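Every read-out reported here was derived from the displayed coordinates using simple, explicitly stated rules and does not represent laboratory data. Everything quoted here is computed from the prediction, not taken from an experiment. Here Cβ is always computed from backbone atoms with ideal geometry, including for glycine, and neighbour counts include all displayed protein chains.
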Amino acid sequence: MQSAIRLQCKSCGGNLTIDTQREVLICPFCGSEELIKDSDAVAVEKIRQKTTFMKWEREDAKRKEKERSAYRNSKAGIVALVFAFICGGGCIGSFTSARNIYNVLYGTVLLIQTASFLLSFLERKEVIHLQKLLPFDGNKLPSLLMAVGFLLFIPALLLSTL
């Protein structure tokens, strides 16, 4: 947030607004320019604040990268991959032995589950970037996809009994 200070122009007396982020003051009425001078203490304080802010940014970036790395390498990705293979195998088996519409529906549910688990794994490993296409936070999307995959076990179990 920029702070503003109001002064009068020395040439024409017009009201001036000083932007503290700039070093030169230009009168909008007469065009005269004046150099804004900071005291040594003010200049040192600006440098100190900027340095402290940059240090905080670096620390924050390191923390976020550490969290991303831990998230990418979590066990949830392996769980998603294992369930993707299980559902994929069941899907193939269901479609190869499809005797009625229920077997086809069962295979379709397993196919959707496989896709959900695979997308969760690939998003977690940052191979694909669905968060750019969908309005979800990048860290929540793989968990949401896994939840969808697990919830689809309910209709899959119901269809497997028919």
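A few comments on the model shown:
- For the stretch 83-100, the Karplus equation 6.51 cos²θ - 1.76 cosθ + 1.60, evaluated at θ = phi - 60°, returns couplings of 5, 5, 5, 5, 5, x, x, x, 5, 4, x, 5, 6, 6, 10, 6, 9, 8 Hz by residue, with Gly and Pro reported as x.
- Here the contact order of the chain, divided by its residue count and restricted to Cα pairs under 8 Å and six or more residues apart, works out to 15 percent.
- For the chain, the longest principal axis of the alpha carbon atoms and the long axis of helix 40-72 meet at an angle near 0°.
- Amide H contacts for Leu16 (H built 1.01 Å from N in the peptide plane; partners 5 or more residues away or on another chain; cut-off under 5 Å): Leu7, Gln8, Cys9.
- From helices alone, the chain scores -21000 deg cm²/dmol at 222 nm; the rule is -39500 (n - 2.57) for each run of n ≥ 4 DSSP H residues, then divide by the residue total.
- For Ile128, the residues whose amide H sits under 5 Å from its own are Glu123, ignoring neighbours fewer than 5 places away on the same chain, with H placed 1.01 Å from N.
- Global form of the chain, assessed from the alpha-carbon gyration tensor, a/c cut-off 1.5: prolate
- Long-range amide H partners of Asn139 with built H, under 5 Å: none
- Highest-first arrangement of 44-57, 106-119, 84-97, where packing means the average Cβ count within 10 Å: 106-119, 84-97, 44-57
- Normalised convex hull volume, the stretch 64-131, alpha-carbon set, Å³ per residue: 71 Å³
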